[in-house]
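What follows is a single structure, written as structure tokens, with notes after it.
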Amino acid sequence: MPELPEVETIRRTLAEHVTELKIEEIRLFWPSAVIGWEGRSFEAMVTGRRIQTIDRRGKYLLIRLDEDLTLIAHMRMTGRLNYYVDHQEPEKHTHVVFRLEQGEVHFSDVRKFGRIQAIPTPLCISGSTLCKLGPEPLELEFTPEVLKERFGKKKLPLKAALLDQHVLAGLGNIYVDESLFKAGITPTRGVDSLSEEEVFNLHQAIQSVLQAGIDAQGTSFRDYRDANGEKGSFERELQVYGRSGEPCKVCGQTLERLRLAGRTTVYCTRCQK
Ligand SMILES: [Zn+2]
């Protein structure tokens, strides 16, 4: 599933091609992939609009259109947005084609969990699920104090708390396991058990792991591709995620696996305390 670094990479690669372009036609091959607003159809709202900028909030892509409209795209498991400069025939899992004044954007999704919703921009800021998201981990406002405050008095294991998008936006299974390894903290620890120094280390680890993920254009285990159809390369830098039973790259100890918050969790019993 695309997490913050993957969605940020899609944002950057898509913005290079589509900024300032008008959407001339919408072709729907699986209409449930799109959602309109209060009885207005997605096609009616979006056709003829011009793309102004592309933003990101957590794992959501926000495509800003003129006339105060925003498309909220959530890739979920296997959603992809691809830009093609020339006309491209839709493939088996292409659900929506946005024909632009130059080129096309195809939204495809094998598992069909991804969605694109058209919503008036003011509501997008004040009235949608987006406002319930926790802070952006790479923004200046995100400090160790904020992280501690977001944990609050919860008794949750760290793994569960960091996966919760209301605590912090954008992290999923890959970057949570990698951040906890980098911080040297065991994922089963309760959030209320961290010392001040551990909160500081975790904050640093989250930021550096996410930034490294963006620098590598994301992690491509299965379906993730950027808007140019390119894979990321962060999987080469993974220390724990997907490596259970293999030796720790730091100490050589065999990495352990357990199920936590419903997700497979990999960690090193020697490097993480
Ligand atoms: Zn180790």
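The values are calculated or read from the model by the stated rules, or taken from the named source; none is laboratory data. Everything numeric here is computed off the predicted structure, so don't read it as measured data. Here the Cβ positions follow ideal geometry from the backbone for every residue, glycine too, while neighbour counts run over all protein chains shown.
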Step by step: first the residues of the range 257-273, then only those that are part of a strand (DSSP E or B) and surrounded by fewer than 18 Cβ atoms within 10 Å (Cβ to Cβ), then the one that is nearest to the ligand (Cβ to nearest atom). Which residue is that? Arg257
Only listed residue being over 23 Å from Lys59 (Cα atoms), crowded, with 18+ Cβ neighbours inside 10 Å and within 16 Å of the ligand (Cβ to nearest atom), chosen from Thr254, Thr186: Thr186
Per the filter on the range 235-244, residues at pLDDT 95 or above and not small (Gly, Ala, Ser) are Glu237, Leu238, Gln239, Val240, Tyr241, Arg243
What are the pairs with Cβ atoms under 7 angstrom where one residue, in the range 192-207, is within 14 Å of Phe151 (Cβ to Cβ) and at pLDDT below 95 and the other, located anywhere, is of a type in the set (Gly, Ala, Ser) and assigned to a helix (DSSP H, G or I)? Sequence gap at least six, or different chains. none
Tell me, which residue of the range 57-92 that is among the small types (Gly, Ala, Ser) and in contact with a strand residue (DSSP E or B) (Cβ under 8 Å, 6 or more places away or on another chain) is surrounded by the fewest Cβ atoms within 10 Å (Cβ to Cβ)? Ala73
Say whether the condition of being more than 16 Å from the ligand (Cβ to nearest atom) and over 26 Å from Leu140 (Cα atoms) is met by at least one residue in the range 239-248. no
With the first residue restricted to the range 71-91 and required to be of a type in the set (Gly, Ala, Ser), and the second required to be buried (at least 18 other Cβ atoms within 10 Å of the Cβ), Cβ contacts under 6 Å at 6 or more apart or on different chains are Ala73/Leu61; Ala73/Ile116; Gly79/Asp109; Gly79/Gly114
Out of the range 96-110, which residues are surrounded by fewer than 21 Cβ atoms within 10 Å (Cβ to Cβ) and either of a type in the set (S, T, N, Q) or in the same structural domain as Asp223 (by TED's automatic domain parsing) (or both)? Gln102
Hey, Gln165 hits all of (1) crowded, with 20+ Cβ neighbours inside 10 Å; (2) touching a residue at least 60 places away in the same chain (Cβ under 8 Å); (3) closer than 25 Å to Tyr241 by Cα but one; which does it fall short on? (1)
Here are some conditions: (1) under 12 Å from Asp177 (Cβ atoms); (2) within 16 Å of the ligand (Cβ to nearest atom). Thr219 meets all but one. Which one does it not meet? (2)
Regarding the range 205-215, can at least one residue be identified that is more than 14 Å from Pro2 (Cβ to Cβ), outside any helix (DSSP H, G or I), of a type in the set (A, V, I, L, M) and more than 16 Å from the ligand (Cβ to nearest atom)? no
Selection from the range 221-250 of residues that are free of Cβ contacts under 8 Å to residues at least 60 places away in the same chain and under 24 Å from Ala15 (Cβ atoms): Lys231, Ser233
Confirm whether Arg225 is within 14 Å of the ligand (Cβ to nearest atom) and in a loop (DSSP other than H, G, I, E, B). no
